[in-house]
Every structure is written in structure tokens, then in C-alpha cells.
Amino acid sequence: MKIALAQTNPTVGDFAGNTAKIIDFARRAKAMGAELVLFPELSVCGYPPADLVEKASFLEASNKALQHVAASTAELGIAILCGAVLASSAQAGKKAKNIAALCKDGEIVFMQQKMLLPFYDVFDEQRYFEPALTQSLFSLNGETIAITICEDAWNDKGFWPHRLYEDDPVERLMHCEELDRPRPKILLNISASPFWKGKTDVRRKMVTALARRYESTVLMVNQVGSNDSLIFDGGSFAVAPDGAVIAQAKWFEEDLVCIDTAVHHPVQPDPMPDAEQLFNALVLGTRDYVRKCGFRKVAIGLSGGIDSAIVAVVAVHALGAENVVGIGMPSEFSSEGSINDAKMLAENLGIRFDLYAIREIFDSFMHVLKPAFEGTPFGLAEENLQPRIRGTLLMALSNKTGALVLTTGNKSEMAVGYCTLYGDMVGALAVIGDVVKTRVYDLARWINRNGEVIPHDTVTKPPSAELRPGQKDTDSLPPYEVLDPIVEAYVERYEPAEQIAKSQGVDQKLVDQVLSLIERSEYKRQQAAPVLKVTQKSFGPGRRFPIAARTKI
């Protein structure tokens, strides 16, 4: 059978746009000779719809859109398998169900309901959906087919050393004893599988294990694009019964590929370096966040430092230089070199650069605050006043121009609270909020691989917030080469302090100090802009901790 994988980028709630995209891709798949075309999980409504699922009007709109897709197959002459949310008919339980609908000859001829509903990290599906109790096979054009939805394929006891569920929908389908149906040789999976570093390898190995275990051709179509914090990398693919990859869609962009399940021609996907993969993910996440929220332009505070430089490069690749403006806001503590680095970066990127010195504004604040500050040494209050002035200027410019402000803080800073609420944390999106500082430098080196984009001095000078004379980050923090592994171990892998100190050969007292900073900064993170998720555990909805707590375990 000739099957196409339609790797699409839906927008949550845009039923008209999403269904138009499905019909367009189906028409193109038909022209390629496909008999069936697959679309991602919840491709009709977009993933994740979150609490929109609680609205009866949303479920009604989803049903109407799905019926429109089904009706289109009469004219298209191709079967469509797509994901949608519908009202549940169960007498008890949740009011919605996550389904895969097979549409053919103008109607819905088969529906498979999702059985395994993830409820970990960023997933909340048990909050919204009623799980399927049974699974069934379907025959199309003489082929018996097994259909699964995302998580339903992620519970193979032959692959996972620890499983999250007792049920295995794939195993059920492959041993399904239905009258007059042979064991399926084709397994289809429609997914909305978010990106994180290393996920692509895990996904491929898991699907390869399924193909070999059941001696079947496995096809997985994955959503591409970004919705809020989640980035979907696409990378849809097909694997033959011997484990060979026989089709591979593009990464981080929409694509359409067609496979003949009777003809197996192995393909060798080009490996993508980690830095390139990370950069593409951030570009896609930024582009979709800005555009799907109805904006075109962004503003970035350019300090001459490496973090704001990376965010500016990402923004230009995501939106075009004409839609990015850099804002320099030097204080009396800003070095001439940093100002020049910011200007040079703007020139290299071809973006507009505006300069607003904050010395006079700072002096005005200090004059007003003199009764409260007089007789006290220059300290944290005066330091934080500077980024808060900058934050106010950025938001004023945003209000006036309609440009979204992108924050420039990295994961290391957000972890230990080396950032200022209502100051450098203001903005609509934390582009590199899930990228530790050492990986920020890796990105900079990758960006400059073919020539200097980010100024040399920006990459080589010691990092500094420049809020007091001669300040360096290491005045307050361990070197990032020491700090980042501690942050990753504690935040991403939940390792305890003693284990971190032992495994990394770091003094226990230093580890305890870092963990105290992480715990004390939870109140800041819960007021931060949404963070683009690029690791297994980012700050945001997938990491939920109390603010009022005392623990370093």
C-alpha cells in the first residue's frame, strides 16, 4: 500500500486553517499516488488544546471540522487518517476523547480512541480525556492495519526497562483475534511528540524495536511546529520489519513523504549536530510563538553579552531582520566594549539598533529614593534598579510599536535566581530559558562556524551583568563549567545533593549553596515568561514545585 506521512504544523483552535491544511496535503498526497495519508495527533484542533477541551463549544467545533475533512475525501479520492478531539459517549468519566479518525469516500469509516493518557512532565491528558477500553483493527484496500495514537506505542515491554502502564495497546492489536482478519503487517502511529535533546534517537530506537518485534512495517507521523512552550520537531519516518528506516521526513518544517509498504528502500538520514538541532528548535519555537500569537515584530535588549546575542540571531532567523529591533540601554557601569559589541552584532545581523542611555533615569530614581537610601552602601537595590529601568523602557517601546519583547536569560541564571523580577525577566517569551550557559557558548561557536556573526569579544570576555564597577558573574556564582552540571543534575534528573557532590567531585558545601539558590528562586520562575522547552525537564508547566517550601533533597 502507498501511504503518505503529512507532517503538518497546526495552530490550536484554528479549525478552519487546520482543516484547509489537511485537505491541501491530502490532495498533494493523492497526486503522489498515495492511497492513505496520515496526519498527526489532534491535527484537526492542534496539540495541546489544554482546557479548551473543557468547553462544549470547542468539542462541537472539532466534530464539525472533522466531518468537513471526512466529506472532502469523496472528492479527493484518498483515505485520510487524522487526529481529533470529540465528546465522549461514556456515561461516567471525562467528557472528551482523543481519537484517530479514518475518513474515506466522504465519511468516517473507523475511529480508534487513545488508550494510554500521559500524565507526567508537560502532559495532562488524564485531566481531559476518557481512555479507550478496547482496541480494534481495520482493513483498508486488502491490508489489515493497526492504528495507535502517540503514547499508545510507547509502552513496549521489550524496549522499556520500566513501563508506566500495565496495558500495551500495540501488543493488544498485534494479538487481536478478530474474525477474518490476519495479523496486521502495518502499524500506524499518529503523534504529537514534543522535542527535547536526545528525543529523536529514543523515538527511532523505540519504533525500530516495535517493527522487529512484530515483523511489521511501522509508520509514525509526528506534528511539527511550536505551540506555547512546546516544540515539535517533526522527523516523521517509517521502519521496515527488519528495522531499516525506509522513509524520513524533514526536521523542524512541514513535509510530505510517500512510502510503498511493499517496497523497502533503506534511507540514511543525515545526522544533525546537537547545536544545529538546538538552534533550529529555538528558531521554530520563536517563529511560531510570535506568529501564532498574532504578532510580527520583536524587541530585544542588546547588552553586548552572549545571551542577548544568541536571542537576536535566533529572532532574525525566525522572523527576518526587518522584524527585529535591538535596544541598547547602557548605564554608567556599561563598558564601551559592550556597547560596541551590541552595535557590531546589530550591523552583522542587519537589524535596527536604538540606544537609550539610562544614567539620567537612574539618577532621577536615586534622587527620589534618597530619603530611604541615604547613608546606606551601594548594593542589590541599586543594582536591580538598573534592569528594572531597562524593563520599563522595553515594555514602553513594546506598547508603542507592537513588538513583543523577548527575554534573554538562560537556564543557569533562571535556576539560581541570577535575574531580576520586573527587570531583565520582563517579556513575552524566554527563548533560551532552557539552555544552560555552557550550551549558550556552544551555540555561539556553531553560529560563528563559517564567519563572525557574534562579535569575537562577546564570546571571549568574562560574562558580567555590568551593574557595578568591575562586576563579573563569578563574583556571585561558581564558574559555569561547575555550575551547569549541578543545575542539570538537580533540575533535570532530580539527583540529591550527596550524589551530585560525589559524582561530580564537587565540594558538598558548594552543592548545598547552589541548591539553596535554586530552591529560593522558585517564586521568580513562576512569574517568568514562557520558556521554550528543549531539554527533558524545563522550567514551566512540566516542573511543578511549591514556592513556600524548605528542602534540598
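Here, each number is a calculation from the coordinates, and none is a lab measurement. Quick caveat, the model's predicted, so the values are computed rather than measured. Note that we place each Cβ from the backbone using ideal geometry, even for glycine, and neighbour counts take in every protein chain shown.
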**Q.** Estimated dipole of the range 278-473 in Debye, rounded to 20 [Cβ of Lys and Arg +1, of Asp and Glu -1, Cα centre]
**A.** 660 debye
Q.
Positive end of the dipole of the range 3-126, charges at C-beta (+1 Lys, Arg; -1 Asp, Glu), about the Cα centre: which of G83, S57, A26 has its Cα farthest in that direction?
A. A26
Q: Report, largest value first, the span of the C-alpha coordinates of the range 278-473 along each principal axis, in whole Å.
A: 52, 36, 30
Q: Bin width 10 Å, alpha-carbon pairs only: give the P(r) of the range 1-147 as whole percents, running from 0 to the bin holding the largest distance.
A: 12, 43, 34, 11, 0
Q.
Treating only the Cβ of Lys, Arg, Asp and Glu as charged (+1, +1, -1, -1), what charge dipole size does the range 195-234 show about its Cα centre? Round to the nearest 20 debye.
A. 220 debye
Q: Return one number: the angle in degrees, 0 to 90 and rounded to the nearest 10, between the long axis of the Cα atoms of helix 199-214 and the longest principal axis of the Cα atoms of the chain.
A: 20 degrees
Q: Note the angle between two axes, namely the Cα long axis of helix 508-520 and the longest principal axis of the Cα atoms of the chain, as a number of degrees from 0 to 90, rounded to the nearest 10.
A: 80 degrees
**Q.** Nearest-ten-degree value, helix 336-349 long axis tilted from longest Cα axis of the chain
**A.** 30 degrees
Q) Remind me, relative contact order of the range 27-127 in percent, using alpha carbon pairs under 8 angstrom and six or more residues apart? A) 26 percent
Q.
Out of all DSSP beta bridges in the chain, what portion is antiparallel? Express it as a percent rounded to 5.
A. 55 percent
Q | Residue-span extension gain [N448 to K400] - 0.36 nm each, minus C-alpha spacing | A | 13.9 nm
Q) In the range 224-279, how does Rg compare with the Kirkwood Rh, expressed as the Rg/Rh ratio over alpha carbon atoms? A) 1.04
Q.
What's the magnitude of the charge dipole for the chain around its Cα centre, counting Lys and Arg as +1 and Asp and Glu as -1 at the beta-carbon? Answer in Debye, nearest 20.
A. 480 debye
Q | Relative exposure of D24, D473, judged by other C-beta atoms within 10 Å (fewest first) | A | D24, D473
Q: Using only Cα atoms, figure out Rg for the range 418-503 and give it as a multiple of 2.2 N^0.38 Å.
A: 1.28
Q. Taking a spot 7 Å from the Cα of N340 along the direction of its beta carbon, which residues of the range 449-485 have an amide N less than 16 Å from it?
A. 455-462
Q: Would you mind getting me the FRET efficiency between R172 and D354? Use the beta-carbon distance for r and R0 = 60 Å, nearest 0.05.
A: 0.45
**Q.** H264, H456, H162 arranged by Cβ crowding within 10 Å, fewest neighbours leading
**A.** H162, H456, H264
Q: Could you tally the net charge around K157, taking each other residue with its Cβ under 12 Å from the Cβ of K157, Lys/Arg +1 and Asp/Glu -1?
A: -3
Q: Would you mind checking K157/K437; K55/K411; K199/K411; K97/K537; K400/K472 for any pair whose Cα atoms are more than 30 angstrom apart?
A: K157/K437; K55/K411; K400/K472
Q. Along the principal axes of its C-alpha atoms, what lengths does the chain span, in descending order and rounded to whole Å?
A. 89, 50, 49
Q: Quick one: which residues, 5+ away or cross-chain, put their amide H under 5 Å from the amide H of E253? H built at 1.01 Å from N.
A: G235
**Q.** Alpha-carbon Rg/Rh ratio, for the range 2-263, with Rh computed the Kirkwood way
**A.** 0.92
Q: With a Förster radius of 41 Å, plug the Cβ-Cβ distance of Q268 and E332 into 1/(1 + (r/R0)^6) and report the FRET value to the nearest 0.05.
A: 0.10
Q: Would you kindly derive the ³J(HN,Hα) couplings of the range 149-164 from the backbone phi angles with the Karplus curve 6.51 cos²θ - 1.76 cosθ + 1.60 (θ = phi - 60°), listing them in order in whole Hz, with x for Gly and Pro?
A: 10, 6, 4, 4, 9, 9, 9, 6, 5, x, 10, 8, x, 10, 9, 8
Q) Once you list every other residue whose beta carbon is under 13 Å from the beta carbon of V290, what net charge do they have if Lys and Arg are +1 and Asp and Glu are -1? A) +3
Q) Kirkwood Rh, Cα Rg: Rg to Rh for the range 159-300? A) 1.04
(Q) Could you work out the relative contact order of the range 392-517? I mean the mean sequence separation of Cα pairs under 8 Å and 6+ apart, divided by the number of residues, in percent. (A) 20 percent
Q: Work through the residues other than L319 whose Cβ is under 10 Å from its Cβ and net out their charges, Lys, Arg +1 and Asp, Glu -1.
A: +3
**Q.** Other-chain or far-sequence residues with amide H under 5 Å of G433's (modelled H)
**A.** L532
Q) So how far, in whole Å, is the C-alpha centre of the range 354-371 from the one of the range 276-344? A) 25 Å
Q) In whole angstrom, how far apart do the alpha carbon centroids of the range 96-148 and the range 492-526 sit? A) 42 Å
(Q) Suppose R0 equals 25 Å. What FRET efficiency, 1/(1 + (r/R0)^6) with r the Cβ-Cβ distance, do S516 and E481 give to the nearest 0.05? (A) 0.75
